[in-house]
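Rule-based calculations on the coordinates, nothing more; no lab input. The structure displayed is predicted, hence computed values, not measured ones.
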């Protein structure tokens, strides 16, 4: 359940339990908070392993932020998530955007959500991705990552 309030200026805010602060309630933030709840409540991801609006810099100096980055127990990026407002259709450009981000972050998994459609993909080589049939819980995701590093199959 999302915690929503109006601030002193009358603007709506939602509480982000990962960042531990109230943030502007926008359509994209709504999806981000729903997805964070999905990860932590339904899939067993610890907020301690999640960063929201994770900053990074492209080689050309352009600053960017990933909506959500999940880390493994050794603080290595495990999954990067792109959230779009519910009324925004997820297109090939959405996947190209997150793949560009992941070219820098180098997580073995990417996910995209607009709360209507959720996708989780595993990289083969940071250029090609394979869609997973099910969205894995944290333990499974860590296990899949370890298997891919040792050359074992799922």
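Taking only DSSP H segments of four or more residues, each worth -39500 (n - 2.57), what value at 222 nm results for the chain once the sum is divided by all its residues, to the nearest 500 deg cm²/dmol? Walk me through the intermediate numbers first.
Working: 3 runs with 38 residues, N = 154.
One gets -8000 deg cm²/dmol as the mean residue ellipticity at 222 nm.
Apply the a/c threshold of 1.5 to the C-alpha gyration tensor of the stretch 1-69 and tell me whether it is rounded, prolate or oblate. Don't skip to the answer; put the middle values down first.
On the way: a/c = 2.45, a/b = 1.24, b/c = 1.98.
Oblate is the answer for the stretch 1-69, as a/c is 1.5 or above yet b/c matches or exceeds a/b.
Can you check how the C-alpha radius of gyration of the chain compares to 2.2 N^0.38 Å, as a plain ratio?
Values: Rg = 15.7 Å, N = 154, 2.2 N^0.38 = 14.9 Å.
Computed over Cα atoms of the chain, the ratio equals 1.05.
Using only the alpha-carbon atoms, how far is helix 27-37 inclined from the longest principal axis of the chain? Give it as 0 to 90 degrees, nearest 10.
60
Could you give me D for the stretch 68-154, from Stokes-Einstein at 10 °C and 1.306 mPa s, where the hydrodynamic radius is the Kirkwood radius over C-alpha pairs? Units µm² s⁻¹, please. Mind dumping the intermediate values first?
Details: Rh = 13.2 Å.
Estimated diffusion coefficient is 120 µm²/s.
With springs only between Cα atoms under 10 Å, which of 124, 20, 106 fluctuates most in a Gaussian network model of the chain?
20
Whole Å is fine, so just give me how far the alpha carbon centre of the stretch 1-70 lies from that of the stretch 74-93.
About 12 Å separates the Cα centre of the stretch 1-70 from the one of the stretch 74-93.
Length gain on complete extension for the stretch residue 56 to residue 76, per 0.36 nm per residue less the alpha carbon to alpha carbon distance?
Gain on extension, residue 56 to residue 76, equals 5.8 nm.
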